[in-house]
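A short write-up of the structure that comes next.
The values are calculated or read from the model by the stated rules, or taken from the named source; none is laboratory data. What you see is a predicted model, and the numbers here were worked out from it, not measured in a lab. So basically every Cβ, Gly included, is an ideal-geometry build from the backbone, and we count neighbours across all protein chains shown. Quick note on the areas: whole protein, heavy atoms, side chains included, nothing else; ligands and nucleic acids left out. Shrake-Rupley method; radii C 1.70, N 1.55, O 1.52, S 1.80 Å.
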Amino acid sequence: MKIGQLVAEIDTFAAKDAALADTLRERAAALAAIPTPALPTGLRATLRPYQEEGFQFLAHLAARGFGGILADDMGLGKTVQTLAWLLHQAHTHAATQAGSADKKPFRAVVICPKSVMHGWLTETERFAPELSAEIFTPLISYGTKMPGPADRGALLVVNYAQLRLNTAWFHRHNWDAVILDEAQFIKNPTSQTAAIARAIPAAHRVALTGTPIENRLLDLWSLFAFAQPGLLGSQAGFRRQYP
């Protein structure tokens, strides 16, 4: 290769790198320019500073179309932070529906262990009563209808076992948000539960867990495969890099 050709190629690569750097700077600036959202009206809770930061983190991700993991330790209020975010999303959704002839209410599904299902109902009523929370009951046939009143944002709370037993119903609907509580339940990416959760159609995805890594780094890959698919690459590539 002639020296002139080599120099030309170097210049081409340098120009591409500069363009990529400019693009990254523009995207970073756009992210930084997103205003910090105020706590939603209707939230009946006084959040601690770190809880308000958690709410802002979730709102910031959602504003850019990203999913994420809220991995606070147990007992630090992941539920109230998430309820604040869901209330914010319900208000944002309502604003986008204003003036529409075919208004669709905000609908979210919370998937959690059976032991905490009633906790979601009581904390929703206590902290975010604008939202209507109900437990998914397989004896009730929702048919093609979404649960909850037509004039309020609604949360459907289901446990992991019922999710597996009623997969088709949950996959039939497009949800505004899906939340996995105690998300370490899907730490095995090849499990049926993990596959079902990943396939739920949803505009926003959040995983809540105090233990994002229990046994191996692949646990974390599985959580991100649900919350933000592709962020950590393929499972095979992740295994090669982090054996």
### Query
Hey, any idea what % of the chain's accessible area is carbon plus sulfur with a 1.4 Å probe?
57
### Query
Could you give the distance between the Cα centres of region 28-59 and region 167-224, to the whole Å?
23
### Query
Where does each of 104, 78, 187, 114 land when they are ordered by accessible area, with a 1.4 Å probe and the largest first?
114, 104, 187, 78
### Task
Could you order 117, 74, 146 so the one with the most accessible surface comes first? Probe is 1.4 Å.
74, 146, 117
### Query
How large is the accessible surface per residue of the chain, computed with a 1.4 Å probe and reported in Å² as a whole number?
54
### Query
What accessible area, in Å² to the nearest ten, does a 1.4 Å probe give for residue 152?
90
### Dipole magnitude of the chain about its Cα centre (Cβ charges: Lys, Arg +1; Asp, Glu -1), debye to nearest 20
560
### Message
Using 26 Å as the Cα-Cα cut-off, could you pick out the over-long pairs in 114/187; 103/187; 78/103?
### Response
103/187; 78/103
### Task
Count charges around residue 81 for me, please; just the other residues with Cβ under 10 Å from its Cβ, Lys/Arg as +1, Asp/Glu as -1.
-1
### Task
Determine the relative contact order of region 20-131: mean sequence separation of Cα pairs under 8 Å and six or more apart, normalised by residue count, in whole percent.
32
### Message
Given a 10 angstrom Cα cut-off, can you work out which residue in 148, 119, 75 is the most mobile in a GNM of the chain?
### Response
75
### Message
With Rg/Rh (Cα atoms, Kirkwood Rh) as the read-out, I listed (i) 1.02; (ii) 0.93; (iii) 1.06; which label goes with the value calculated from this structure?
### Response
(iii)
### Query
Taking a 1.4 Å probe, which of 231, 208 shows the most accessible area, and what order do the others take after it?
231, 208
### Query
What figure in square angstrom, to the nearest 10, would you give for the accessible area of residue 118 with a 1.4 Å probe?
130
